[in-house]
Amino acid sequence: MRKALVTGGSRGIGKAISISLAKTGMFVYVNYTSNAEAAEATVKECKAVGGDAVPIKFNVGSSDEVLSAFEQMDGISVLVNNAGITSDGLAMRLKDSDWERTLSVNLSGAFYCARAAMKGMMKARYGRIINISSVVGEMGNAGQVAYVASKAGLIGLTKSLAKELGSRNITVNAITPGFIQTDMTNELSEDTKSALLAQIPLGRFAEPGEVASACVFLASEEASYITGQVLGVNGGLYM
Ligand code: NAP
């Protein structure tokens, strides 16, 4: 049975990915950092679809916490770097602490987890690393400079790791979701939502499961010759 770690697997897109991977028969480590109840609920749903899962609490932005979490986990062959936060605001007013926190969770977190996971993957000569970036990492977005920099950074991380790890049969890809209905986007005002919808050819936001389907494919054996790619799941918002 293959084992997957989904960071930020307890809510939103990560929850949908955890359940979808469990449905394929994988054992899933459902990572979270504060909301234990949500993580337990996701684990329950993973079991309900015939898979197996456990919650695992750690802050991806802490190198030490990542290292000790990896000591508790075993034989990860699929890593989904999904945990992410936003700290919106115009660059001129953005605080150092907001910049640092966003880069730490979204970008350093993915690096720490990939570095810890690749050892076992190299030994096994098999691995799938999937980084959940964002369409704004490709397009830019006013008022989200830290978030966008972290998401664009994930694309560079993806391509460099794909080059480093390809000879060991480890693929590394990024998914760039557009606007997905989760807690993160629920906070947008109705005006912002309407303005965004007008730019999306498919004319709607996505469900988390639509990102999960792309992730399940990239995590599968069938995606064996795809690496270093950026897969947009954005309703046509960016082409
Ligand atoms: P969400 O609903 O806010 O869920 C975030 C998840 O990340 C939660 O499980 C949370 O766990 C976890 N998390 C936050 N900080 C963490 C940390 N330091 N260490 C470990 N886990 C942490 O977010 P979402 O909308 O599903 O977004 C998931 C990913 O997709 C993010 O990387 C986001 O940037 C990206 N994305 C989202 C959209 C969108 O429209 N929603 C679009 C493009 C990209 P706790 O509950 O314990 O805090």
_Every residue from the range 126-158 that is surrounded by fewer than 17 Cβ atoms within 10 Å (Cβ to Cβ) and under 17 Å from ASN173 (Cα atoms)_ = GLY156
*asked:* Contact list please: Cβ distance under 8 Å, first residue in the range 198-210 and among the acidic types (Asp, Glu), second residue within 12 Å of the ligand (Cβ to nearest atom), pairs at least six apart or on different chains.
replied: GLU207/ALA16; GLU207/ILE180; GLU207/GLN181; GLU210/ILE180; GLU210/VAL233
*What is the residue count in the range 192-218 for residues that are open to solvent by 40 Å² or more (accessible area, probe 1.4 Å) and of a type in the set (Gly, Ala, Ser)?*
5
*With respect to MET118, determine if the residue is among the hydrophobic types (A, V, I, L, M, F, W, C), at pLDDT 95 or above and crowded, with 18+ Cβ neighbours inside 10 Å.*
yes
*Residue that is modelled with the lowest pLDDT, among those in the range 121-167 that are within 12 Å of the ligand (Cβ to nearest atom) and in a loop (DSSP other than H, G, I, E, B)*: ASN141
*Could you pull out every one of the strands (runs of 3 or more DSSP E) wholly within the range 4-89 that has 1 or more residues that are surrounded by fewer than 20 Cβ atoms within 10 Å (Cβ to Cβ) and charged (D, E, K, R)?*
52-57
_Looking only at residues that are in a loop (DSSP other than H, G, I, E, B) and modelled with pLDDT under 90 in the range 181-195, which one is farthest from the ligand (Cβ to nearest atom)?_
SER189
*When the range 169-191 is examined, which residues are found to be open to solvent by 60 Å² or more (accessible area, probe 1.4 Å) and either within 16 Å of the chain's Cα centre (by Cα) or among the basic types (Lys, Arg) (or both)?*
GLN181, ASP183, MET184
*State whether the residues of the range 224-234 include one that is in contact with a Pro (Cβ under 7 Å, 6 or more places away or on another chain), among the aliphatic types (A, V, I, L, M) and buried (at least 18 other Cβ atoms within 10 Å of the Cβ).*
yes
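The values are calculated or read from the model by the stated rules, or taken from the named source; none is laboratory data. Just so it is clear, the model here is predicted, and its values are computed rather than measured. Note that each Cβ is placed from the backbone with ideal geometry, even for glycine, and that neighbours are counted across all protein chains shown. For the accessible areas, the whole protein counts, side chains as well, though only heavy atoms, and no ligand, DNA or RNA atoms are used. Shrake-Rupley method; radii C 1.70, N 1.55, O 1.52, S 1.80 Å.
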